[in-house]
Amino acid sequence: DKLLIVSGAEREKLLHDAIDTLFNVYDAVNADGVRAELDRKGILYTLPSNYVEERFREFYDALIKTNLGALPKNIIKTIKDAQTHVIANLQSGDKIVPWDYSPRNIIVETGIIIPIDHEDYKQASPIVPVMALLQNPENRITTEAREVFVAHAVDGFEERGIVITEKAADAARILYDVRRARTLANSILGGNSGVGKTIEWYINDIKEAMR
C-alpha cells in the first residue's frame, strides 16, 4: 500500500523488497502438507484454460464497447494469438503461487511469513505474482526497471530450482495487460477521460511481448 505514496528510488526499493518477500511466500505455500490441506478442504488450485479465456473475453467485450463497433481484423488476430500464448505458457509444473499477491494476504509474525486467502492459489508459473506487482499502473515504473525486477525474480527462483522461461514471463505480462486494459476500457465507458494509458498502448505492449 505504501507504493502509492512514494516515488522514484524508494518505490523501486519497496518493489525489490516485495519480490524478495515473495520468494519466502512461495516457499511457504509449497511447504509439505499445504497441497494436502487444500485438497482436504476442496480448494481448487489448478489454472484451467477457461480462466484465461474469460479474462480475454472481458477484454474483447470492453474493446468493442470503447471502439463502438467491430474491431479491425489485425487487432482480433492479436488478441486470439495472445490468448493462445498465455494458455500455453502460464501453467507450470506442480507448484502453486499466491495469485493475489498483496499485503492484505500476508501476515508477518516474529519473522514468520503466514500467507492467507488460500482460495486464491493457482498452479502456475511463479512469475505471475511478480508481474502482478510490476504491471500495476499505480507503481509507474519504467520498462527498463521492470526488466531488471523480472531478471531479479528469475534469478531468485532459479536458486530454488525453478526455471522461468522467457515465454512464461511474457505470458504473465500479457495476462496482466489484458486485465488492466479491461479496467481502463470500463473506466472510459464510465466517462473517465483522465486515464493515463490508452487501449492502443496495451495492444502495442501485448504485440511486443509476443515478438
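Summary of values
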item: Top-ranked residue in the range 99-136 [being under 12 Å from the mean Cα position of the chain (by Cα) and more than 18 Å from Phe23 (Cβ to Cβ); ranked as modelled with the lowest pLDDT]; result: Asn136
item: Residues satisfying the stated conditions in the range 146-171, i.e. in contact with a Leu (Cβ under 8 Å, 6 or more places away or on another chain) and within 26 Å of Arg182 (Cα to Cα); result: Arg146, Phe149, Val150, Ala168, Ala171
item: Top-ranked residue in the range 128-168 [being open to solvent by less than 10 Å² (accessible area, probe 1.4 Å) and among the small types (Gly, Ala, Ser); ranked as farthest from Ala9 (Cα to Cα)]; result: Ala168
item: Candidates Ala132, Ala145, Ala124, Ala153 - the one that is outside any helix (DSSP H, G or I), hydrophobic (A, V, I, L, M, F, W, C) and touching a helix residue (DSSP H, G or I) at 6+ places or on another chain (Cβ under 8 Å); result: Ala124
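The values are calculated or read from the model by the stated rules, or taken from the named source; none is laboratory data. Since this is a predicted model, take the numbers as computed values, not measurements. With ideal geometry, Cβ positions are generated from the backbone for all residues, glycine too; neighbour counts draw on all protein chains shown. What goes into the accessible areas is simple: the full protein's heavy atoms, side chains included, and nothing from ligands, DNA or RNA. Shrake-Rupley method; radii C 1.70, N 1.55, O 1.52, S 1.80 Å.
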